[in-house]
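Written out below as structure tokens is the structure these notes cover.
Computed from the coordinates by the stated procedures, all read-outs in this text should not be read as laboratory data. Because the structure is a prediction, the values reported are computed rather than measured. Quick reminder, even Gly has a Cβ in these numbers, built from the backbone with ideal geometry, and neighbours come from all protein chains shown.
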Amino acid sequence: MTEATPLWEVFIRPRNGLAHKHMGSLHAADEVLALSAARDVYTRRGEGVSIWVVPSVAITASDPDRAAENFEPTADKIYRHPTFYDIPDDVGHM
Amino acid sequence: MAMFAALLELADDHLILGHRISEWCGHAPMLEEDLALPNMGLDVIGTARTLYAHAAEIESKGRSEDDLAFLRVERDYRNLLLVERPNGDFAATMLRQLYFSAFMEPFWNAALASPDVLIRGVAGKASKEMAYHVRHAGEWVIRLGDGTDESTARMQGAVAELHRFTGEMFLQSDAAAACGVLPDRAAMRDDWDRTIGMIFAEALLEVPDVAFPQTGGRQGVHGECLGHLLAEMQYLQRAYPGAEW
């Protein structure tokens, strides 16, 4: 079953102007059926206006065992956060 | 009463097909289709509800949409024989869905010009739903027809079993002709032939010649299978009259 219907990752854009967001995964024989299944599984309650499907094997993921060397060095570099500026009220939401 | 009878025919088509599709719930070959099938079933049941409610209002004898859906006897149902056919395997279910939706998509598109405001409203919603059903069922017919030896044999078997029920879709009942708010069913022939022809060509399926077309649903002359379907579908309203949730 899994060989005939490989895994696909589903990304959905909730509204125009927003980015596609990962929603989950599903099994399908090819990209056309994967899109159809994504529509039926992940947009039943009006979740989106656009769907992407990507073969799960096409995703290269970071190694959890290297999480420390990848992500911890940034923890003490607070000067990278743009929190030291006064934002004028007129700018509104940023 | 032509309007009432014509709405009932159309509503019965959708309710009976919707119930058939609902029988797959929890039994589909994969989780993805287990969600897709009830989605399609709910589309057509939603259409049936609106049509029954409209019919009940026109009849104005105090019957509700539930009374019309659940409390009639077998001979009073006016649905096409195609929609009551048992689900068979997944190939037969997808083919039946393709046959029906390839007819209803141009039908609802034509009904967008109906003089009846409610029919126009249903048509606006249902034409989009049917376009998706054609695509979903069509993709499966193509893949199963041009698939493995097993899937090809099953899809060819489904065509041999179901094609003889398709001619009934194009027959206009006296009520439908007289009501003045529904499109002429015979006019859908070219669109239907084109859709089925394109999908069958890709699926490597032959469009068969039908020697003995099966009809009778519009006169209430059904197959044995409808009685069994109604027994299950009507059970709750018969055992607990007026039950709601």
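Remarks
- Only a single item in (1) outside any helix (DSSP H, G or I); (2) more than 14 Å from every other protein chain (Cβ to nearest Cβ) is not met by B:A28, and it is number (2).
- Taking every residue in region A:28-41 that is among the charged types (D, E, K, R) and pairing it with any residue that is buried (at least 21 other Cβ atoms within 10 Å of the Cβ), at least 6 positions away or on another chain, the pairs with Cβ-Cβ distances below 6 Å are A:D40/B:A36.
- Exactly one residue out of A:A29, A:A38 is facing chain B (nearest Cβ under 9 Å) and touching a Ser or Thr at 6+ places or on another chain (Cβ under 8 Å), and it is A:A29.
Table: residues versus (1) out of contact with any strand residue (DSSP E or B) (no Cβ under 9 Å at 6 or more places or on another chain); (2) under 20 Å from B:I199 (Cβ atoms); (3) more than 14 Å from chain A (Cβ to nearest Cβ); (4) of a type in the set (A, V, I, L, M).
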position	(1), (2), (3), (4)
B:G124	yes, no, yes, no
B:K128	yes, yes, no, no
B:A131	yes, yes, no, yes
B:E139	yes, yes, no, no
B:V159	yes, yes, yes, yes
B:G180	yes, no, yes, no
B:D184	yes, no, yes, no
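- Total residues in region B:146-172, condition of a type in the set (D, E, K, R) and either closer than 24 Å to B:T215 by Cβ or in contact with a Phe, Trp or Tyr (Cβ under 7 Å, 6 or more places away or on another chain) (or both): 3
- Test: B:A48 is in a helix (DSSP H, G or I), of a type in the set (A, V, I, L, M, F, W, C) and farther than 30 Å from B:L144 by Cβ: no
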